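Participant: Below are the structure tokens for one structure; questions will follow.
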Protein chains: 4
Amino acid sequence: MVTPAAAEPTESKPLRADARRNRARVLEAAESVFAAKGTGAPTEEVARAAGVGIGTVFRHFPTKEALLEAVLIARLHRFADEAEAVVAADSADPGAAFFTFLAGWIEMSSAKNAYFEALTAAGVTVPKEKSGIGGRLLGALGVLLSRAQAAGAVREDLVTGELITIIIGVAKAAEYAGPDARLRDRAVTILFDGLRPSAGERR
Amino acid sequence: MVTPAAAEPTESKPLRADARRNRARVLEAAESVFAAKGTGAPTEEVARAAGVGIGTVFRHFPTKEALLEAVLIARLHRFADEAEAVVAADSADPGAAFFTFLAGWIEMSSAKNAYFEALTAAGVTVPKEKSGIGGRLLGALGVLLSRAQAAGAVREDLVTGELITIIIGVAKAAEYAGPDARLRDRAVTILFDGLRPSAGERR
Amino acid sequence: MVTPAAAEPTESKPLRADARRNRARVLEAAESVFAAKGTGAPTEEVARAAGVGIGTVFRHFPTKEALLEAVLIARLHRFADEAEAVVAADSADPGAAFFTFLAGWIEMSSAKNAYFEALTAAGVTVPKEKSGIGGRLLGALGVLLSRAQAAGAVREDLVTGELITIIIGVAKAAEYAGPDARLRDRAVTILFDGLRPSAGERR
Amino acid sequence: MVTPAAAEPTESKPLRADARRNRARVLEAAESVFAAKGTGAPTEEVARAAGVGIGTVFRHFPTKEALLEAVLIARLHRFADEAEAVVAADSADPGAAFFTFLAGWIEMSSAKNAYFEALTAAGVTVPKEKSGIGGRLLGALGVLLSRAQAAGAVREDLVTGELITIIIGVAKAAEYAGPDARLRDRAVTILFDGLRPSAGERR
DNA sequence: AATGAATGAGGCTTCATTCAT
DNA sequence: GATGAATGAAGCCTCATTCAT
């Protein structure tokens, strides 16, 4: 299962070709602008980056908050896409697959993850269930996790619901380490070590 | 060693008594306002909470950024204070002392730590060295860490410099877990398990 | 004489059937939307109410102002239609006919008459003469008025030109009274009493 | 009893001298700007006319609606002031006093009375009671009215509550007559004739 | 030193109008 | 002819910062 291009709203009638193209461009521009300058960046800058008028941005996303939310959802969809791809690949080494996937995702998101805060700060209940993204994500992560546990690569008492919280923490540490790659890798490694089987056996 | 009240600038001439009191009140108010409403809260609200005029806030902190920075530094100083207190207590169980201290800190900061982001987003290089706070912090944490390592409670390959990064990540995870105490505790436990000795021994 | 459907422009070539239908639907929708939400309502809402695209609205009325004007003219045409119908009915009690007609009109327009203001505010000289509506209106009102005067039901010194001004004032008072029917009726009654013969005889 | 300068809010502590001056200037500017260009005129134009920054306007009136309301209330206060002055003058000819007062007020407001509409259109319940203006107004009008009735100059069945509605209607008619002074006077005269004693005696 | 009024740049959002499909 | 996406000027409002009191 693959995310429809640019995670467009599922309910309404299909957008005109040019409209869909613009919507996608805005979403893309928003992602990079917000990543670079923080979620406080003016909407107009997103418009400029997308090469459209400010009105077009607001036509597609009637509120700045809606835009932020859409970016977040798109990102989660890509996360789910990748997770499902790894599931489908069905690696011979599920432990490696699991950790590689997590590390890859963290690498990718480390420099640009203020979305959760921006949204929660705005009082938005992060729409985990919106567009079914929550289910997909938990589903795919659950498969990866249980395979890795079955292979003895991950502690048994870890459940899927805890994973996202943990990933966010690790991503945050990585982001804080910033450009210092060695520090970042060490922090990620150490934190992930908490997921391994022997961990937590004694205390 | 104990932090001078309200972390006032070390170089300038001593403030008049009322001025020092106002400075402290503003700092306190800023901490709680920013904690409650995020760092985007208007400076005027801080003034109101402190019971002073807006002009007074800007007299003490010529910029909003300066205010944010001062709050952050004050917080780090308290962090250092606590760490030094734990060092001074010289517990018989250094491992427990170490983890208890970390957990306490996380608990405290989990609900209110947008400072790092707000500052880094603003392009401020977090002033680790400013007012010597970095040194104190690393010093105290270093002692706690090496005692815990000597007692076999923490993995040997962990160095002080990595600790702050890790703490930030764990705090973030805790914050994201939000009001769900069980989830928060689990995430913190799991992530801290990565600091334990057996962790990382095999891979 | 009866108003041609939807008061379409008299000069231009006859519209295609569907176009004429659309024009009428837009005009109707505009009337009810502007009545309900005021003349500041977005043109797009008119389009939605008419079940056509926004482009269609602007094709028929190149300007919002033109749309407003068309609505006003249509309304005046209906006013004239009714007046002419009353003239044609040639009631045995011309005084009653006159006042009944006025009251009916006031009743109808009381809740929805921002057109004059919207237009005059926009600097439009209300196009009394446009499409000959002024003539029809004054003609019909003149007949009703003089019959009522001949019957001794209306003061002799009242001339047609004053009537519209007076009607607007009374309608305004009625509108201001709003939902309070008793108050509205009293105000209308009192103001209309000024039109009766004994009024103004002494001063 | 005379309105405090510029109808400043009664509750809060007295404003600083300069602030009060600015508040009054803004109110004055708002009145003339809205009168000239309608209540849709941009707030910035009011600021310009008052010779202050846009921020100052919003400091005193946190919303455009609040500004409109303040203008309306100021105007009503002046209405009440004048009415009370006429009451105090205690003319020997109460009928003339009554009609002269009404005519004067209408003359004054005829060219600039979109406030009621602007406010009611915005869904504002016209704050008749706010700042006690309703009471003052009705009180003074009531005295003028009953004196005129006692003198036999005004019909007996007219009650104070109806008067404001009627005045609004007459003012509206006068406004519509616009620059044509003869037409305006005639309309006002005719409508006011409805208030005289013989009117309504027969029907 | 403290106060709080004034300032105005800048952000979000709306909506009349144009134009490619 | 109809459609609705795109446009951008313009409006309302916020808030960091300055300055007269």
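The values are calculated or read from the model by the stated rules, or taken from the named source; none is laboratory data. Please read all numbers here as calculations on a predicted model, not as lab measurements. So basically every Cβ, Gly included, is an ideal-geometry build from the backbone, and we count neighbours across all protein chains shown.
Participant: Consider the stretch D:15-48. How many of its residues are within 12 Å of DNA strand F (Cβ to nearest atom) and either assigned to a helix (DSSP H, G or I) or at positive phi (or both)?
Facilitator: 17
Participant: Tell me, yes or no, whether the stretch C:63-72 has at least one residue that is within 11 Å of DNA strand F (Cβ to nearest atom) and either at pLDDT below 95 or out of contact with any Cys (no Cβ under 8 Å at 6 or more places or on another chain) (or both).
Facilitator: The answer is no, given that none of the residues of the stretch C:63-72 is within 11 Å of DNA strand F (Cβ to nearest atom) and either at pLDDT below 95 or out of contact with any Cys (no Cβ under 8 Å at 6 or more places or on another chain) (or both).
So that you can scan it fast, the table gives a plain yes or no per residue for (1) at the interface with another protein chain (Cβ under 8 Å from one of its Cβ atoms); (2) under 25 Å from B:Gly178 (Cβ atoms):
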| site | (1), (2) |
| --- | --- |
| A:Glu162 | yes, yes |
| A:Ile167 | no, yes |
| A:Leu183 | yes, no |
| A:Thr189 | yes, no |
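Participant: What do you reckon, is D:Arg48 charged (D, E, K, R) and within 25 Å of B:Glu44 (Cα to Cα)?
Facilitator: no
Participant: Next up: Looking at the stretch B:152-186, which of its residues are modelled with pLDDT of 95 or more and buried (at least 24 other Cβ atoms within 10 Å of the Cβ)?
Facilitator: Scanning the stretch B:152-186 gives a single hit, B:Val154.
Participant: Which condition number in (1) buried (at least 20 other Cβ atoms within 10 Å of the Cβ); (2) at pLDDT below 85 is the one that A:Ile190 fails?
Facilitator: (2)
Participant: Just checking, how many residues over the stretch B:170-186 are over 23 Å from B:Pro94 (Cα atoms) and assigned to a helix (DSSP H, G or I)?
Facilitator: The total comes to 10.
Participant: Ok, one more. Is one or more of the residues making up the stretch C:88-107 outside any helix (DSSP H, G or I), among the charged types (D, E, K, R) and surrounded by fewer than 17 Cβ atoms within 10 Å (Cβ to Cβ)?
Facilitator: yes
Participant: I need the full set of residues from the stretch A:42-53 which are within 27 Å of B:Gly38 (Cβ to Cβ) and either crowded, with 20+ Cβ neighbours inside 10 Å or within 8 Å of DNA strand E (Cβ to nearest atom) (or both), in order please.
Facilitator: Correct list: A:Pro42, A:Thr43, A:Glu44, A:Glu45, A:Val46, A:Ala47.
Participant: Among B:Thr39, B:Thr63, B:Thr56, which is within 16 Å of DNA strand E (Cβ to nearest atom) and in contact with a Leu (Cβ under 7 Å, 6 or more places away or on another chain)?
Facilitator: Sole residue among the options that is within 16 Å of DNA strand E (Cβ to nearest atom) and in contact with a Leu (Cβ under 7 Å, 6 or more places away or on another chain): B:Thr39.
Participant: Within the stretch D:33-46, how many residues are farther than 15 Å from D:Ala70 by Cα and in contact with a helix residue (DSSP H, G or I) (Cβ under 8 Å, 6 or more places away or on another chain)?
Facilitator: The total comes to 6.
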